[in-house]
Every structure is written in C-alpha cells, then in structure tokens.
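To start, the structure itself, in structure tokens.
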Amino acid sequence: MEQRACNGRYEVKSMSYGDLLSQEEMKALDELVRVPNAQPSVLLVDGDEAARDALAERLLAQGIVCTTAGSAEQALALLLARPSIDLLVTELHLPCGGGLELVREVRQSARADLPVIITSGDADVQDAIEAMRLKVLDFLLKPVDISRLVTLVRNELGAPPAKSPPVRARQGKAEILALKSA
C-alpha cells in the first residue's frame, strides 16, 4: 500500500490487480467481468462540474452513453465497478492528482488496454509527449471541438455515425410530386 498527500490529507492507495497479475491474466480477467450485451459507454472525468456536465450533455445528444466523475479516485472506482465503460475521456488537471496519473494507474490495472482521450485548456509540449508515451488515443485542446470528439468516440466504440433526422418537407413534396405525375 502507498500513501500520498492530497489537500493536506493522506490517502491510502491500495494495490491493484496490475501489481499481482501478468498482462495476459489482466486481459482474461477483463473479459470475465464484462457484462454481455451492455451498451458501451464513455467515462468523462473533469474536476469542473459545469464543464463535465456540458460535455456529457453534448455527447448524450449524439446518442453516446456517458458516465461522469469529478476526480481520479472516482474514475478508478467506476472503472472497476462498470466493465461496460469502453473509453475514458479525462481532463489533464484533476483534483488530487492529474489526468496523466489517472492514465498511469489505468495502464497498470485490469483495464490497461482502455482507450483514453485527454483534454486540456493549458497543456504544454511535455504533457502531450507524456500522454503519447502512455498510448492515449488523442490529446484535445479546450475548447473541445465536439465534432472531432464525437468522431473519435464513435470510431473507438464501433458506433455508427448518427443518422440525420428525416427531412419531412422534402419527403412530403416528393410524395405530392409522385401523386401528381401518376
């Protein structure tokens, strides 16, 4: 067990599966705990509640299922409890540890192969380099281009592009034209 300071308090970090199991054993464990037919979802992690909720609403409007967390600790607990989470989108700067530290912990867990996207409003080149070393899918600067994020998420989850709503006016006119010519 490891202790670390967070806002003047010491937190105890327990051992993870990655401390005990090989990479192959972690993959096998991940497959065992997956819920069959569960709809894939995205875990959004951001310490700014307003930003987190706004992004979740934008993704939900595109038909993408989201779960949210305000800290790395909450995110790790959700990843352990919900195997249907298939993608992690995290802010670089989080309360009590950063997004890069969260990614490092995920990479050492049973969810080591989980795809990750990092967002940040004030990243530097070193942050981006470290993110790429941790094999993140992408590093997006804020304000996040929602169409780019939706495309990345859909590609990673294997979800088809959102269907455009049918245009009733065109269909109606086409039907009227077809009736007149008949």
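With respect to residue 131, is the statement that it is free of Cβ contacts under 8 Å to residues at least 60 places away in the same chain, of a type in the set (Gly, Ala, Ser), buried (at least 18 other Cβ atoms within 10 Å of the Cβ) and more than 24 Å from residue 40 (Cα to Cα) true? No: the conditions fail for residue 131. If you go through region 82-106 and keep only what is small (Gly, Ala, Ser), in contact (Cβ under 8 Å) with a residue 40 or more places away in the chain and either under 16 Å from residue 52 (Cα atoms) or out of contact with any Asp or Glu (no Cβ under 9 Å at 6 or more places or on another chain) (or both), you end up with 84, 99.
One line per residue, one yes/no per condition, for (1) modelled with pLDDT of 95 or more; (2) buried (at least 18 other Cβ atoms within 10 Å of the Cβ); (3) not in a helix (DSSP H, G or I):
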{"residue": "29", "(1), (2), (3)": "no, no, no"}
{"residue": "32", "(1), (2), (3)": "no, no, no"}
{"residue": "37", "(1), (2), (3)": "no, no, yes"}
{"residue": "68", "(1), (2), (3)": "yes, yes, yes"}
{"residue": "77", "(1), (2), (3)": "no, no, no"}
{"residue": "80", "(1), (2), (3)": "no, no, no"}
{"residue": "88", "(1), (2), (3)": "yes, yes, yes"}
{"residue": "95", "(1), (2), (3)": "no, no, yes"}
{"residue": "102", "(1), (2), (3)": "yes, yes, no"}
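Within region 104-116, restricting attention to residues that are at pLDDT 95 or above and crowded, with 22+ Cβ neighbours inside 10 Å, the residue that is nearest to residue 135 (Cα to Cα) is 116.
The condition of being modelled with pLDDT of 95 or more, of a type outside the set (D, E, K, R) and within 27 Å of residue 158 (Cβ to Cβ) holds for residue 45. Selection of first residues in region 56-69 that are within 13 Å of residue 89 (Cβ to Cβ) and of second residues that are among the polar types (S, T, N, Q) and outside any loop (DSSP other than H, G, I, E, B), restricted to Cβ pairs under 6 Å at least 6 apart or on distinct chains, gives the following pairs, ordered by first then second residue: 56/68; 65/41; 67/41. Checked against the criteria, residue 72 does not count as of a type outside the set (Lys, Arg), at pLDDT 60 or above and surrounded by fewer than 18 Cβ atoms within 10 Å (Cβ to Cβ).
The values are calculated or read from the model by the stated rules, or taken from the named source; none is laboratory data. Fair warning: this is a prediction, and the values are worked out from it, not measured in the lab. So basically every Cβ, Gly included, is an ideal-geometry build from the backbone, and we count neighbours across all protein chains shown.
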